[in-house]
Amino acid sequence: MVLFVCQHCDYKWDYRGENEHYATCPRCRYKVRITEDKVQMLRQKRWTWSSASARSGLDTAVKEKPVKLIGIAGIVNRAAEDYQYDKSMLIQILLRLQKDFGWLPMEMLVEAGKQLGISINQVYQVATFYKAFSLSPRGRHLIRICTGTSCKVRGAPTILEKVQSFLGINTGEVTSDGRFSLETVNCLGGCALGPMMIIDDEYYGNLKLLAVKRILSKYT
Amino acid sequence: MGPAKCIRSPKDLEELREEIKSKRKPSKSSISVCVSTGCVALGAPKVKDAFMAELEKQGLKDQVEIKETGCLGFCEQGPRVTIYPEEVCYFKVKPEDAPEIVSKSIREKKVVERLLYQDPTTGKRVKKLEDIAFYKHQVRLLLENNARIDPKNIEDYIALGGYSALAKALFEMTPEEVVEEVKKSKLRGRGGGGFPTGLKWETTRDAPGQPKYVIVNCDEGDPGAFMDRSLMEGNPHSVLEGLIIGAYAIGANEGFVYVREEYPIAVENISMAIKQAKEYGLLGWGIMGSSLNLRVRVHKGAGAFVSGESSALMTAIEGRVGEPRPKYVHTATRGLWDKPSLLNNVKTWATIPLIVLKGAEWFGSIGTPDSSGTMIFSLVGKVKNTGLVEVPMGIPLRDLIFKIGGGIRNDKKYKAVQVGGPSGGFIPEQFLDIPVDYDELAKVGSMMGSGGMVVMDEDTCMVDVARYFVDFLLEESCGKCIPCREGLRVLSSTLNDICAGKGKSEDILTTEEIAETMRESLLCALGRTAANPVLTSLKYFRDEWEQHIKENRCQAKVCKALIDFYIDPKKCQACQLCLNECPAGAIQGDKDQIHLIDQEKCIKCGTCYEICSFHAVKKLSGEPIPSAPKSMKPIRKLKGGK
């Protein structure tokens, strides 16, 4: 906030204008000279607002919520607001929604498109292109098995098969009781510990075939 | 942490550094626990908690500090704990070891021999890090500070001389001089392509158009590489400092850090680093009191290999589908939102402060004349010492694998090393003596890539690995260029056929033709190099391909359709382990009865082979299965074979 004091009537206000030479007092229309240090502050202020709002076409600093949004709209709105309705943040917003919600139902995608002013077509394109997004419900626990090169030469395929046969599902599917969903990832960056598996946020490195059953039965 | 102090001039920075140093007594003991992904996976958080509880119990809580630091690279031996000021490194520490370390190592200043690193060849315990064979041959410019810095605390970085390169660049050099210095250092892009960094900077600087952007590429999609992650987790401020210097040099005032979503700790640490740098006046409006303004934001990647390509990464930051686009005009001139954008890899950015601070000549003296400096490789696969190694460019490949890596696991035979992820090729034994730099690797058909080095031994089938890379790329191909989308599909089905024993003699020719076409005609570098694994595998291991097609034999015994499992009756101890574990119920036998595999039922999952503790299960390929003993009756009793 850049506070100005009118030298004529002592009125104080927050100046947000473009002019860098003088500001007009809203009460008495007196022209207040803008000193050099105030100019710096103004530029800094404008710079902090600028790029995001310029791209999304909204003035984020003055944007106000018209109504309180509830349900899915509310969830989407909270995420969108954190990213200042910036269109370029679509991927980040979807990631955040997915983290909160577990998966991305169609309604959520439509709503995200509406609120950001992006066509549903484009939202859908993004959501299907990236591997991290899931458009169908996931199980309670997410098993991710690394099939990177290092894990592969150390025997990840056997581990994957073991998990598949133990749970009776293929990669990308959910068990019928909704306990697990199984996915593979390309690299978890734990190459020195391969083969590697993550269940939710728990890492299991140097996996042995016999350990799989024991680990999986820990999760309910 | 005390209240943040805003740094407004180089003098402020020096004062702050002195203040931090005077607050810390060098003799004060501290325990540093590695909390990067590798060690966390092995249980580092529990170790840390155990130390905390133990210190409290022994009443040392105020005298000893516990630090969470970054990765030293020796992930296999984790969790790693270092005791300062003695600099004793303990490996494979378990929570139960905490009391012993605290009472012995910290109170009595003795060494716990049991937990020191044991040299696998001599069996000796090594106390100092520099004496471990894995570290002896390394030159650690970038990774050195990882173990001394708490990545979540900017003061640690400043105390070790951090941000002085930025002060030097901002107040003693003009932007042109910075670019000139980088050019003189002959630093080449560490992301894989090896494009001269200075030239890229100059192009962006001279390109018309405002605003300009600086971008950090931490979309490390290469399977088998994790050095960007480790640097981002362990020392995010060094990357940030490089980025700010870059922004100053080219005149940008907005920056992006693109990190994979699969690296949660890296995302957390860099976000924290940005926040702290802002508080200290090292980011934002008027950095260090100069006229440079820079805002940096973190973008998470959503899991797409192709997004690591520069133009694709930029479209991903714009919030669209990350597809590469034709680069008739380079991204340095028209990148993000069609504005000049400077994109560099994490390692490149982290090298910049060193160049600025110590000068281009010093940097040029390391490595070879054409590829200067050091490179971080992630040495993984079937080597004894796996982990991150930082070596000067031009080190012979043999030294890297056999001296630092300690040779092949279980003393098997070396077969090939795969350098540079899915874009790189295989390097067979006859080229082991080549020096490792950009040009030499390209000569043998591989490339530096991001520096992933996967070592393969005789148990790895080269056709199978080539198939793996093709399948990987098929899944990751964005589908924009037809030779990539369709070519990979055909390649994949051909290779799958060969691995399934249905190979035809013309398959090799078809494969070569498609691979050549892809190399010629694709838009992005990832696509153009996609055929490298197939081509090098064919070039150096053609006999193995021919064996698959003509003799239906897989030398390494990996391709499932070409192998059979067989239990050696002489070695079988009738322990029933495989019998119980076999998912298909294909193993017959009983207690005290030698087991047999029913070849009809066997699904070749390999479970029995993995778990047999007597090595009785054998893999056969291209040879007949010895006929089973006629009777299933007890032949020999367990332990009673006198």
Check your understanding: Applying the selection to segment B:512-542, what residues are touching a Leu at 6+ places or on another chain (Cβ under 6 Å) and in contact (Cβ under 8 Å) with a residue 12 or more places away in the chain?
Key -> B:Ile514, B:Ala515, B:Ala530
Practice item. Just one of (1) out of contact with any strand residue (DSSP E or B) (no Cβ under 7 Å at 6 or more places or on another chain); (2) polar (S, T, N, Q); (3) in contact (Cβ under 8 Å) with a residue 12 or more places away in the chain trips up A:Ser176, so point out which. Key: (3)
Check your understanding: List the pairs whose first member sits in segment B:471-490 and is under 16 Å from B:Glu309 (Cβ atoms), whose second member is basic (Lys, Arg), and whose Cβ atoms are under 7 Å apart, counting only residues at least 6 apart or on separate chains?
Key -> B:Ser477/B:Arg485; B:Gly479/B:Arg485
Check your understanding: What residue, of B:Lys152, B:Lys183, B:Lys168, is in a helix (DSSP H, G or I), charged (D, E, K, R) and in contact with a strand residue (DSSP E or B) (Cβ under 8 Å, 6 or more places away or on another chain)?
Key -> B:Lys183
Check your understanding: Yes or no: B:Tyr163 surrounded by 21 or more Cβ atoms within 10 Å (Cβ to Cβ), at positive phi and of a type outside the set (Val, Ile, Thr)?
Key -> yes
Review point. If you check A:Glu36, A:Glu20, which single one turns out to be touching a helix residue (DSSP H, G or I) at 6+ places or on another chain (Cβ under 7 Å), surrounded by fewer than 18 Cβ atoms within 10 Å (Cβ to Cβ), outside the structural domain of A:Gly113 (by TED's automatic domain parsing) and modelled with pLDDT of 80 or more?
Key: A:Glu20
Review point. Restricting attention to segment B:296-330, which residues are at positive phi and in contact with a Gly (Cβ under 9 Å, 6 or more places away or on another chain)?
Key: B:Gly303
**Study point:** All positions within segment B:489-503 that are of a type outside the set (Lys, Arg) and within 20 Å of B:Cys461 (Cβ to Cβ)
**Key:** B:Leu491, B:Ser492, B:Ser493, B:Thr494, B:Leu495, B:Asn496, B:Asp497, B:Ile498, B:Cys499, B:Ala500, B:Gly501, B:Gly503
Exercise for review: Kindly provide the set of residues from segment B:223-255 that are buried (at least 24 other Cβ atoms within 10 Å of the Cβ) and acidic (Asp, Glu), ordered by number.
Suggested key: B:Asp228, B:Glu233, B:Glu241
Exercise for review: Might you let me know whether segment B:532-541 holds any residue that is assigned by TED's automatic domain parsing to the domain that holds B:Val465, part of a loop (DSSP other than H, G, I, E, B) and surrounded by 20 or more Cβ atoms within 10 Å (Cβ to Cβ)?
Suggested key: yes
Practice item. Inspect segment B:70-85 for any residue being without any contact (Cβ under 8 Å) to a residue 40 or more places away in the chain, in a helix (DSSP H, G or I) and closer than 29 Å to B:Phe377 by Cα and give the result as yes or no. Key: no
Check your understanding: Considering segment B:411-440 alone, what residues qualify as being away from chain A (no Cβ under 14 Å) and either out of contact with any helix residue (DSSP H, G or I) (no Cβ under 9 Å at 6 or more places or on another chain) or charged (D, E, K, R) (or both)?
Key -> B:Asp411, B:Lys413, B:Glu429, B:Asp433, B:Asp437, B:Tyr438, B:Asp439, B:Glu440
Check your understanding: Restricted to segment A:73-93, and to residues that are without any contact (Cβ under 8 Å) to a residue 24 or more places away in the chain and among the acidic types (Asp, Glu), which residue is nearest to the other protein chains (Cβ to nearest Cβ)?
Key -> A:Asp82
Check your understanding: Would you pick out the residues in segment B:420-460 that are closer than 13 Å to B:Pro396 by Cα, of a type outside the set (Val, Ile, Thr) and crowded, with 23+ Cβ neighbours inside 10 Å?
Key -> B:Leu441
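The values are calculated or read from the model by the stated rules, or taken from the named source; none is laboratory data. If you're wondering where the values come from, they're calculated on a predicted model, not measured in any experiment. With ideal geometry, Cβ positions are generated from the backbone for all residues, glycine too; neighbour counts draw on all protein chains shown.
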